[in-house]
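Student: Right, I'll just put the structure down here and ask away after.
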Amino acid sequence: MWQALRNELHPHGLEVVTVGMDTAGAEACRHFIEAAKPEHPSLIDANHVVASQFGIINIPNSVWIDEDGMIVRPAEAAPAPPSIDVPRTNPFEGMTEFPDRAQAIMAEAVNIESDPAAYEAALRDWVTNGAESVYALSADQVIERSQPRSADTSTGAAHFAMAAHLEQAGKHDAAVPHFRQAHQLVPDNFAYRRQAWSLEPGGEGAFARFWQGPQDGNEEAWPYDSEWVSDVQAMGAANYYPKFTP
């Protein structure tokens with residue numbers, strides 16, 4: 001979907017750069033990148049540097065950067081453009097029955113609210129009008145909208161970085177306490193939570209890892225105080241993404 005919009009608007013100056021943030025590295029993202037066949041830069045950030053630098057706490061998020069390298073919209077939810085008519089892949093293809101957890105996730109996912117039409121219209125306006133677009137924010141507005149970095153946020157980031165380092169060194173059990181600390185210190189960061197959940201044993205392949213969480217019979221072994229379904233139920237699916245603010 002983003003590939004099609006990028007190809008349409010690329011002659012007018014838009015470039016899309018997608019970044020897969022996954023401590024597991026290239027193999028965790030390979031399935032999705034190869035399926036999309038991107039013509040735009042498609043990067044992998046195993047250490048979540050992009051998230052740390054730009055204040056990304058959930059996915060999909062975007063940051064608008066102008067031709068002078070200045071941020072004109074800080075991190076915000078970026079729903080896929082609805083106007084682009086491209087074939088959708090079916091992640092359930094070949095499955096004869098759906099695991100209970102998959103059904104629970106989809107039951108919440110359908111209630112997540114976003115405004116893809118408004119976001120796409122804003123993006124198109126920016127491509128057309130550049131700095132004159134009403135959606136291109138001033139430097140002061142960008143700073144005002146950016147997430148503040150409190151002491152807890154900084155400490156949580158340090159714990160997350162340590163957890164990622166230990167995971168990449170093959171020391172999963174040592175990484176878990178640092179993931180837990182990151183979750184507790186920065187509770188609104190779904191990127192931190194999702195990353196830790198996906199690294200737990202039990203899923204085979206990138207798609208299976210998405211469903212990871214406590215399964216029937218292994219609830220006591222789940223090392224975290226949170227998981228996607230119960231978290232979204234607690235906050236309300238309608239609050240999963242902040243509303244788009246022009």
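Student: Of the residues in the range 106-122, how many are touching a Phe, Trp or Tyr at 6+ places or on another chain (Cβ under 6 Å) and either farther than 13 Å from ALA78 by Cβ or part of a helix (DSSP H, G or I) (or both)?
Tutor: Going through the range 106-122, the residues touching a Phe, Trp or Tyr at 6+ places or on another chain (Cβ under 6 Å) turn out to be 112, 114-115, 118-119, 122.
When the remaining residues are screened for being either farther than 13 Å from ALA78 by Cβ or part of a helix (DSSP H, G or I) (or both), the result is 112, 118-119, 122.
The qualifying residues number 4.
Student: Just name the residue that is farthest from PHE244 (Cα to Cα) out of those in the range 50-82 that are among the small types (Gly, Ala, Ser), touching a residue at least 60 places away in the same chain (Cβ under 8 Å) and assigned to a loop (DSSP other than H, G, I, E, B). Spell out the reasoning first.
Tutor: Step one: filter the range 50-82 for residues among the small types (Gly, Ala, Ser), giving 51-52, 55, 62, 69, 75, 77-78, 80.
Those still in the list that are touching a residue at least 60 places away in the same chain (Cβ under 8 Å) too: 51-52, 55, 75, 77, 80.
Retained after the next criterion (residues that are assigned to a loop (DSSP other than H, G, I, E, B)): 55, 80.
Values: GLY55: 17, ALA80: 13 Å.
Per the stated criteria, the residue is GLY55.
Student: Scan the range 3-29 for residues that are surrounded by 14 or more Cβ atoms within 10 Å (Cβ to Cβ) and of a type outside the set (A, V, I, L, M, F, W, C) and jot them down.
Tutor: GLN3, ARG6, ASN7, GLU8, HIS10, THR18, GLY20, ASP22, THR23, GLY25
Student: Under the condition of being over 19 Å from the mean Cα position of the chain (by Cα) and aliphatic (A, V, I, L, M), which residue from the range 103-116 is surrounded by the fewest Cβ atoms within 10 Å (Cβ to Cβ)?
Tutor: Filtering the range 103-116 down to residues over 19 Å from the mean Cα position of the chain (by Cα) leaves 103-104, 107.
Filter once more, so that each one left must be aliphatic (A, V, I, L, M): 104, 107.
Numbers: ALA104: 18, ALA107: 13.
Ranking the qualifying residues of the range 103-116, first place goes to ALA107.
Student: Within the range 123-138, which residues are touching a residue at least 12 places away in the same chain (Cβ under 8 Å) and either of a type in the set (Val, Ile, Thr) or more than 12 Å from ARG73 (Cβ to Cβ) (or both)?
Tutor: Once the filter is applied, which keeps residues that are touching a residue at least 12 places away in the same chain (Cβ under 8 Å) and either of a type in the set (Val, Ile, Thr) or more than 12 Å from ARG73 (Cβ to Cβ) (or both), the range 123-138 yields ARG124, VAL127, THR128, GLY130, ALA131, VAL134.
Student: Another question, if that's okay. Would you confirm whether or not the range 129-146 contains a residue that is in a loop (DSSP other than H, G, I, E, B), within 20 Å of PHE244 (Cα to Cα) and within 21 Å of the chain's Cα centre (by Cα)? Spell out the reasoning first.
Tutor: Narrowing the range 129-146 to residues in a loop (DSSP other than H, G, I, E, B): 133-138, 146.
Filter again for within 20 Å of PHE244 (Cα to Cα), leaving 133-138, 146.
Going one step further and asking which of them are within 21 Å of the chain's Cα centre (by Cα), we end up with 146.
For the range 129-146, residues in a loop (DSSP other than H, G, I, E, B), within 20 Å of PHE244 (Cα to Cα) and within 21 Å of the chain's Cα centre (by Cα): present.
Student: Working only within the range 177-200, note down all residues that are closer than 18 Å to ASN47 by Cβ, modelled with pLDDT of 95 or more and of a type in the set (A, V, I, L, M).
Tutor: Matches in the range 177-200: ALA182, VAL186.
Student: Can you find even one residue in the range 35-46 that is more than 26 Å from ARG149 (Cβ to Cβ) and of a type in the set (S, T, N, Q)? So that I can check it myself, show each step before the final result.
Tutor: From the range 35-46, those more than 26 Å from ARG149 (Cβ to Cβ) are 35-42; that's our starting set.
Those still in the list that are of a type in the set (S, T, N, Q) too: 42.
Within the range 35-46 (the criterion being more than 26 Å from ARG149 (Cβ to Cβ) and of a type in the set (S, T, N, Q)), the answer is yes, since at least one residue qualifies.
Student: So in the range 156-172, with the set limited to residues that are more than 18 Å from the chain's Cα centre (by Cα) and aliphatic (A, V, I, L, M), which one is nearest to ALA26 (Cα to Cα)?
Tutor: Restricting to residues being more than 18 Å from the chain's Cα centre (by Cα) and aliphatic (A, V, I, L, M), the top hit is ALA169.
Student: Would it be correct to say that GLY203 is modelled with pLDDT under 95, closer than 17 Å to ARG101 by Cβ, surrounded by fewer than 18 Cβ atoms within 10 Å (Cβ to Cβ) and over 20 Å from the mean Cα position of the chain (by Cα)?
Tutor: Values: modelled with pLDDT under 95: yes; closer than 17 Å to ARG101 by Cβ: yes; surrounded by fewer than 18 Cβ atoms within 10 Å (Cβ to Cβ): yes; over 20 Å from the mean Cα position of the chain (by Cα): no.
It is false that GLY203 is modelled with pLDDT under 95, closer than 17 Å to ARG101 by Cβ, surrounded by fewer than 18 Cβ atoms within 10 Å (Cβ to Cβ) and over 20 Å from the mean Cα position of the chain (by Cα).
The values are calculated or read from the model by the stated rules, or taken from the named source; none is laboratory data. Computed from a prediction, not measured in an experiment: that's the story for all the values here. Note that each Cβ is placed from the backbone with ideal geometry, even for glycine, and that neighbours are counted across all protein chains shown.
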